[in-house]
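Take a look at the structure set out below.
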Amino acid sequence: MKYSLVLGGGGAKGSYELGVFKALKEMNIEITSIYGTSIGALNGALFIQGDIDRAQRLWSEITARDVMDIEENIESLLEVGGISSTLEFMMHVISKRGVDITPFKRLLEEVVDEESIRNSPIDFGIVTFSLDDFRPVKLCKSDIPKGKLIDYLIASSALPAFKKHTIEDKVFIDGAFCDNIPLSLAVNGDASNIIVVDILSPGIVERADTSDFNVINIKNPFELKGSVLNFNRENIIFNMNLGYIDGKKAFGYLRGYRYYFNVDGSIYDLTKKYISSLSSKDIINIYNYFGIEINPKEIGISKAILDTIMNTLKLYSGENIISKESILRASLEITADFLDIPKIKVYNIEDFIKEIIKSINEVLFNLNEEDYLDYIKNSVLLTDKKKMSKALLDSINKKSNLAFYAKSCRLEQTTLPFRKVVSRLYPRLSIAAVVLLFLDKEGYITLI
């Protein structure tokens with residue numbers, strides 16, 4: 001099966017794309033064309049050359065001073081990030097009338113082999129924007145004059161903060177100003193399958209009709225770190241690793257929503273052990289923990305609560321039709337999220353449960369009984385959302401709050417109306433508490 005690869009712009013966050021490409025190579029995904037904007041164009045050129053190890057070394061070692069002619073204090077500002085640092089950097093840009101990117105050009109002359117790219121069977125296209133003509137410029141490699149590939153790569157990534165970049169007396173700026181994710185090039189290519197890597201950076205994205213294509217989107221709105229000009233090495237390595245496991249997950253080699261799990265039969269075995277074996281009494285207890293009453297008079301409220309819980313589980317399952325296996329995995333992910341269990345790691349499901357047990361036991365060991373009693377005093381007085389105390393809501397996502405809530409449900413020290421409100425307003429808390437209550441029932445933790 002042949003694929004086109006579309007790489008979005010986003011500066012220093014582009015190391016994520018390298019991680020994705022590394023995963024694609026390992027999975028033997030056949031790429032017949034690559035289209036990119038800005039850093040996506042630069043990465044595309046490196047990918048076509050095929051030297052992944054060199055590209056990885058380059059990304060691992062690159063600094064802001066390898067791209068721009070700036071002093072150490074300005075580089076430090078970009079490392080720090082934030083509004084004040086950005087404003088100070090912009091003042092520097094204004095004072096210099098644009099930042100000199102001669103180091104960037106020298107770097108490209110060192111790492112880009114134009115002849116190799118032109119001779120490759122992989123098609124290549126880039127996007128830039130002509131200020132003189134005030135229009136997008138979209139070029140495949142056959143459209144770019146020989147000897148000018150590096151010039152056009154720079155044109156595709158020429159931020160307004162840089163000194164103006166000209167080709168044949170015309171000024172070009174970053175392609176993000178017209179099409180930051182060039183699907184429009186891919187739909188005119190030769191592949192019916194398109195992989196889109198979006199590194200979630202500002203820019204205009206031109207609409208393209210992909211109704212006749214199989215499009216696989218790879219992005220991570222939760223964990224991707226850094227900003228366009230922040231070449232913090234830790235962020236770069238982190239994003240590279242993140243792109244790698246997201247690439248594997250996109251093709252079914254890993255499972256999960258915000259966490260990553262090996263694909264094997266263990267989830268089915270655990271589902272049979274933990275969910276399929278639930279007795280009618282267990283199910284009634286779970287309904288009770290969610291505040292659901294088996295009562296015809298409460299059917300409307302109970303249905304609303306159940307819908308909220310199931311919609312939350314469906315979101316975390318990442319599946320349109322939720323199965324028992326995905327309910328288990330989603331419930332465990334929600335619980336792990338409360339407990340701040342590391343996400344950028346590949347787990348097997350048994351080890352994941354062990355991490356949850358270890359983490360919640362540490363929380364339970366350090367619980368303060370006086371704080372718990374205060375929690376109960378607050379919670380038992382609450383019967384609807386209008387009476388929710390601000391102090392309680394402010395702490396709703398803390399590890400200790402999860403433990404307090406699960407413990408109070410276990411001892412029936414929270415009122416049924418309160419549990420109804422929590423399930424409606426904070427379904428993740430209710431779901432995570434039920435996981436802890438189940439672990440308590442199985443003897444893995446002790447809530448009392």
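The values are calculated or read from the model by the stated rules, or taken from the named source; none is laboratory data. Note that the structure is a prediction, hence the values are computed from the model and not measured. As a convention, Cβ positions derive from the backbone with ideal geometry for all residues, glycine included, and neighbour counts pool all protein chains shown. Just the protein is used for accessible areas: all its heavy atoms, side chains included, with ligands, DNA and RNA removed. Shrake-Rupley method; radii C 1.70, N 1.55, O 1.52, S 1.80 Å.
Pairs meeting the criteria (first residue in region 95-114 and open to solvent by 50 Å² or more (accessible area, probe 1.4 Å), second residue polar (S, T, N, Q), beta carbons under 7 Å, at least 6 apart or on different chains) are Asp113/Gln49.
Flag: Ser227 does not match the condition of being among the hydroxyl-bearing types (Ser, Thr, Tyr) and open to solvent by less than 30 Å² (accessible area, probe 1.4 Å). Hey, among the residues in region 115-126 that are open to solvent by less than 60 Å² (accessible area, probe 1.4 Å) and of a type in the set (S, T, N, Q), which one's nearest to Ser4 (Cα to Cα)? Selected residue: Ser120. Just one residue in the set Lys273, Lys303 is of a type outside the set (A, V, I, L, M), modelled with pLDDT of 90 or more, within 34 Å of the chain's Cα centre (by Cα) and open to solvent by 70 Å² or more (accessible area, probe 1.4 Å); that residue is Lys303. Looking at region 81-91, can you tell me whether even one residue there is within 19 Å of Ser15 (Cα to Cα), in the same structural domain as Thr166 (by the TED database) and touching a residue at least 12 places away in the same chain (Cβ under 8 Å)? For region 81-91, residues within 19 Å of Ser15 (Cα to Cα), in the same structural domain as Thr166 (by the TED database) and touching a residue at least 12 places away in the same chain (Cβ under 8 Å): present. Pairs meeting the criteria (first residue in region 300-313 and under 21 Å from Asp337 (Cα atoms), second residue open to solvent by 50 Å² or more (accessible area, probe 1.4 Å) and part of a helix (DSSP H, G or I), beta carbons under 6 Å, at least 6 apart or on different chains) are Thr308/Arg424.
On the stretch given as region 214-270, residues that are more than 25 Å from Lys2 (Cα to Cα), within 15 Å of the chain's Cα centre (by Cα) and of a type in the set (Asp, Glu) total 1. Restricting to region 381-430, name every residue that is under 30 Å from the mean Cα position of the chain (by Cα) and modelled with pLDDT under 55. Residues satisfying the conditions are Leu392, Leu393, Asp394, Ser395, Ile396, Asn397.
Looking at Ile360, Ile321, just one residue is open to solvent by 80 Å² or more (accessible area, probe 1.4 Å), closer than 30 Å to Leu242 by Cα and either assigned by the TED database to the domain that holds Lys399 or modelled with pLDDT of 90 or more (or both), and that residue is Ile321.
Checked against (1) in contact (Cβ under 8 Å) with a residue 60 or more places away in the chain; (2) out of contact with any Gly (no Cβ under 9 Å at 6 or more places or on another chain), Ile167 passes all but a single condition, namely (1).
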